Amino acid sequence: MRPARALIDLDALRHNYRLARELSGARALAVVKADAYGHGALPCAQALADEADGFAVACIEEALELRAAGIRAPILLLEGFFEAAELALIVEHELWCVVHSLWQLEAIERSAVARPLTVWLKLDSGMHRVGLHPEDYRAAHQRLLASGKVAKIVLMSHFARADEPDCPRTAEQLAVFQAARGELVAETSLCNSPALLGWPQAWPAQPGDWVRPGIMLYGATPFEQPQARAARLEPVMTLESRIIAVRELPAGEPVGYGARFVSARPTRVGVVAMGYADGYPRHAPSGTPVAVEGQRTGLIGRVSMDMLTVDLTDLPQAGLGSRVELWGRQVPASEVAAAAESIPYQLFCNLKRAPRHYSGVA
Ligand SMILES: *Cc1c(COP(=O)(O)O)cnc(C)c1O
C-alpha cells in the first residue's frame, strides 16, 4: 500500500482543547468546521464529546452531520443560516445560530419557529466581513428580544489581525465592541485562536463567556514568530510517508519538472510518496523542511502530483523505506506553510487522498 498517511492524535486534540479553556478561563466552542480543518469532524467531535462545552461549524450541513452521529452538545452555526428555510431545521436539531446581517434578523422576526432560538449576535467591530454595524447593534439586540423568537442572545465579534502581536487593530476592535454593547449584559464571545493565545485583554471577563478556538485545537500556531502560549500546543496531525526510490546524482544535474533544482554538488536524492494530490503545497520551494528518520533536511525540486524529492546527501543512514515526516512534531506545519507562502489552516484543509489514521482516546 502507498505509505502516505495522516496520523491524527486525538489525545493531543484533547490536550489543546483543555489548554484553550485553561488559558481563557471561559467556556470553549471547539471549532470543527471544514471537516475539523481536515482532521475529520466526526472523530474529532467524538473525541471531545465528553468535555466540550460545544462545537462550531460553518453551515447546517456540517452541523447535521454531527447530530446524525449522535453529538448532543450545543453546535453553533458560525454564519447562521444562508436561507430562512433552514430555521425549521435549526429549531428541530437545537442548533445555535449566528445573526450577522439585518436580513437574518428580519427572517427570524417573520419566522414561525416552534421553539425560541439561541442567537449569537455578531458585531462588525472592524473586520468588515460580516456582522452588524456598531450603530445598529443594540437596536438589533432589542428587536430580537422583542420578536419573541429568541430565548437567549450571546454578544459576539471577530478579530481580523489578532495574529499580529504588535498590531493596534485588535485593541481598537475591542474598544468598538465595548462601545457598541454599551450597557448590554450578556455572555460574550470574541476570541479565535490568535486572540486566545496572544491577547489577554480580549479574554472573557466572566466565566460564562465563550472562546472559539480553531487552529490551536489542531496544535498549529497562528503566529509567524515563536509565541510562549502557542509553544504549549501539541500537533495533532502528522503527515508522513516513505522514501520509495533513491538516486545518486553528480553535480550539475536537474531534478524533477522544470529542472527547478540543479545539483550544486554530488547529491543523493530521495523520492517520497507524497504530492500535491495529497494536499502537500505545490509551491513549497527547495529547502522546505522535512524530517527523514527524525533528521531534518529539505525538499529539492518541484512538488509533483504523487511524489516529491528530498535531499539525502547528508543523511547517509536514510534510504529506501525511510520514514518521512512532512509536518508534525518534528516539522511544524506552520514552518512548511511559511515556506510555501501559505498558512497551516490551508495546509490542513487541503489534506486529501492520504488516509487518516487515528490514535488516542478510545
Ligand atoms: C473559523 C472561526 C474561528 C476559529 O478561528 P481560528 O483562528 O482557527 O481559531 C472562530 N470564530 C469564527 C467566527 C470563525 O469563523
(message) I'm told D35 meets every condition in (1) in a loop (DSSP other than H, G, I, E, B); (2) of a type in the set (D, E); (3) under 15 Å from the mean Cα position of the chain (by Cα) except one. Can you identify the failing condition by its number?
(response) (1)
(request) Starting from segment 325-337, keep only residues that are within 15 Å of T297 (Cβ to Cβ), then list their pairs with residues that are aromatic (F, W, Y) whose Cβ atoms are within a distance under 7 Å, requiring at least 6 positions of separation or different chains. (result) L326/Y280; V336/W327
(message) Being small (G, A, S), open to solvent by 30 Å² or more (accessible area, probe 1.4 Å) and either touching a Ser or Thr at 6+ places or on another chain (Cβ under 8 Å) or assigned to a strand (DSSP E or B) (or both) is the filter here; which residues of segment 335-362 pass it?
(response) A339, S359
(message) Quick check on this structure: which one of R265, R247, R260 is closer than 20 Å to P3 by Cβ and more than 20 Å from the chain's Cα centre (by Cα)?
(response) R247
(message) Filter segment 155-180 down to the residues that are open to solvent by less than 40 Å² (accessible area, probe 1.4 Å) and either outside any loop (DSSP other than H, G, I, E, B) or at pLDDT below 95 (or both) and list them by number.
(response) L155, M156, S157, T170, Q173, L174, F177, A180
(message) Being open to solvent by less than 50 Å² (accessible area, probe 1.4 Å), part of a strand (DSSP E or B) and under 21 Å from H39 (Cα atoms) is the requirement here; does V290 meet it?
(response) yes
(request) Of the numbered conditions (1) under 20 Å from T118 (Cβ atoms); (2) more than 14 Å from the ligand (Cβ to nearest atom); (3) not aromatic (F, W, Y), L174 fails exactly one; give the number of that condition. (result) (1)
(request) Could you please let me know if P222 is open to solvent by 10 Å² or more (accessible area, probe 1.4 Å) and under 13 Å from A28 (Cα atoms)? (result) no
(request) Could you identify the single residue in Q330, Q317 that is of a type outside the set (D, E) and either open to solvent by less than 50 Å² (accessible area, probe 1.4 Å) or within 14 Å of L239 (Cα to Cα) (or both)? (result) Q330
(message) Could you check segment 181-202 and list, in sequence order, the residues that are farther than 16 Å from Y17 by Cβ, within 14 Å of the ligand (Cβ to nearest atom) and part of a loop (DSSP other than H, G, I, E, B)?
(response) L190, W199
(message) Of the conditions (1) open to solvent by less than 20 Å² (accessible area, probe 1.4 Å); (2) away from the ligand (no atom under 12 Å from the Cβ); (3) in contact with a Pro (Cβ under 6 Å, 6 or more places away or on another chain), V236 satisfies every one except a single condition; which number is it?
(response) (3)
(request) Filter segment 91-138 down to residues that are open to solvent by 20 Å² or more (accessible area, probe 1.4 Å), more than 16 Å from the ligand (Cβ to nearest atom) and either aromatic (F, W, Y) or not assigned by TED's automatic domain parsing to the domain that holds G54 (or both), then give me how many there are. (result) 1
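Per-residue answers, yes or no, for (1) in the same structural domain as R296 (by TED's automatic domain parsing); (2) over 17 Å from G40 (Cβ atoms); (3) among the β-branched types (V, I, T); (4) within 11 Å of the ligand (Cβ to nearest atom):
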residue: D209; (1), (2), (3), (4): no, yes, no, no
residue: G214; (1), (2), (3), (4): no, no, no, yes
residue: Q225; (1), (2), (3), (4): no, yes, no, no
residue: A228; (1), (2), (3), (4): no, yes, no, no
residue: A231; (1), (2), (3), (4): no, yes, no, no
residue: R242; (1), (2), (3), (4): yes, yes, no, no
residue: P250; (1), (2), (3), (4): yes, yes, no, no
(message) Looking at segment 38-64 only, could you name the residues that are part of a helix (DSSP H, G or I), closer than 25 Å to T238 by Cβ, more than 14 Å from the ligand (Cβ to nearest atom) and open to solvent by 10 Å² or more (accessible area, probe 1.4 Å)?
(response) L42, P43, Q46
(request) Provide a single number: the residues in segment 92-104 that are among the aliphatic types (A, V, I, L, M) and without any contact (Cβ under 8 Å) to a residue 40 or more places away in the chain. (result) 2
(request) Would you mind telling me which numbered condition in (1) part of a helix (DSSP H, G or I); (2) open to solvent by 30 Å² or more (accessible area, probe 1.4 Å); (3) of a type outside the set (A, V, I, L, M) N16 fails? (result) (2)
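The values are calculated or read from the model by the stated rules, or taken from the named source; none is laboratory data. Here the structure is a predicted model, which is why all the values come from computation and not from measurement. Because the Cβ atoms are built from the backbone with ideal geometry, glycine has one as well, and the counts that use them run over all protein chains shown. Please note that ligands, DNA and RNA were not included when accessible areas were found on the heavy atoms of the full protein model with its side chains. Shrake-Rupley method; radii C 1.70, N 1.55, O 1.52, S 1.80 Å.
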